[in-house]
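Take a look at the structure below.
The values are calculated or read from the model by the stated rules, or taken from the named source; none is laboratory data. Owing to the predicted nature of the structure, the values given are computational and were not obtained by experimental measurement. Cβ: placed from backbone, ideal geometry, glycine included. Neighbour counts: every protein chain shown. The protein model used for the area step is the full one, side chains on, heavy atoms only, and it has no ligands, DNA or RNA in it. Shrake-Rupley method; radii C 1.70, N 1.55, O 1.52, S 1.80 Å.
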Amino acid sequence: MKTYVVGNLKGGVGKTTSVVNLAYSLSVLGQNILVVDADPQANTTPFFTKIGKGIHTIRDLYAEPAEIAKMIYRSRFKGIDIIKGSTLLKESDVLGEMTLSESLRLVSDDYDICIIDTRPAFEAITRSALYAADMLLTPVVLDRFCRDNLLLVEDELDELGIETLEWKIFANKVENKRSQRNTYIDMVQKHSWSFCDTCISRGAVVDNALEWYKPLLKHRSKSRVTLDYLELAKELLEVGTWRG
């Protein structure tokens, strides 16, 4: 099982949207997916869970990591299971930063890919996700704050020192603006950050899909943004190192 953490220190960059659409796109591409909602806002969960389905959440997983099997629910979509988020989840619930990693290993033979949604802070919850991950996937919006934010993420990763963790960045909500092009060129040329080739376009279709709790492929399968996420999913399948 390959594990991706979708994370950034900045809000509003499309983390949850990316988790939902990458998970669904990867399932369409034949991958068996486990989604873990480790963001205390729990915004990913309603996209996948059936109403009234199950009582266990990510908070229960941190309390009983060996019981992960009973925390996993089948989602509304074929090929995607979920560990639900909890708005009651607190940093103090994470008693060990390797807890999530050790727990996910118990089900690693059951899935091709695990995708973990996180909060915009590198505290105990997010760190536990990173210790479980093969790759940190960071969506960025190409504005004047983007470079400074990525420098902060880089500092946090250096402090963690997880040698096996890859870091990939992708541009999200992209428009054909000179300022965005200049920001992108500046970051690519002046830093050693690894950007994905695929960029995700900005589109009103995203907000419409969010309102209906639908992945874009279920909402507008031919939209530019939908196709971008599908291309990004294909790119991710071709890169990275698999955890043994």
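Restricting attention to region 160-178, and to residues there that are farther than 18 Å from Asp228 by Cβ and open to solvent by 70 Å² or more (accessible area, probe 1.4 Å), which single residue is nearest to the chain's Cα centre (by Cα)?
Our first condition is that a residue be farther than 18 Å from Asp228 by Cβ; within region 160-178, this holds for 160-167, 178.
Subset that is open to solvent by 70 Å² or more (accessible area, probe 1.4 Å): 163-164, 178.
Numbers: Glu163: 20, Thr164: 18, Arg178: 28 Å.
Ranking the qualifying residues of region 160-178, first place goes to Thr164.
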request  = Kindly indicate which of Leu142, Leu150, Leu157 is out of contact with any helix residue (DSSP H, G or I) (no Cβ under 6 Å at 6 or more places or on another chain), within 26 Å of Arg119 (Cβ to Cβ) and crowded, with 19+ Cβ neighbours inside 10 Å.
outcome  = Leu150
message = Looking only at residues that are under 11 Å from the mean Cα position of the chain (by Cα) and not in a loop (DSSP other than H, G, I, E, B) in region 35-48, which one is nearest to Ser75 (Cα to Cα)?
response = Val35
task = Filter region 113-149 down to residues that are out of contact with any Leu (no Cβ under 8 Å at 6 or more places or on another chain) and in a loop (DSSP other than H, G, I, E, B) and give me whichever is farthest from Cys199 (Cα to Cα).
result = Glu123
key: Matching residues in region 1-33 - criterion: being open to solvent by 20 Å² or more (accessible area, probe 1.4 Å), aliphatic (A, V, I, L, M) and not in a loop (DSSP other than H, G, I, E, B)   = Val28
key: Looking only at region 91-122, and only at residues there that are of a type in the set (Gly, Ala, Ser) and touching a helix residue (DSSP H, G or I) at 6+ places or on another chain (Cβ under 6 Å), the one that is surrounded by the most Cβ atoms within 10 Å (Cβ to Cβ)   = Ser103
ask   = Within the group Ala38, Ala66, which residue is open to solvent by 10 Å² or more (accessible area, probe 1.4 Å) and either hydroxyl-bearing (Ser, Thr, Tyr) or in contact (Cβ under 8 Å) with a residue 24 or more places away in the chain (or both)?
value = Ala66
request  = Taking only region 72-90 into account, find how many residues are crowded, with 22+ Cβ neighbours inside 10 Å and either closer than 19 Å to Ala133 by Cβ or of a type in the set (A, V, I, L, M) (or both).
outcome  = 5
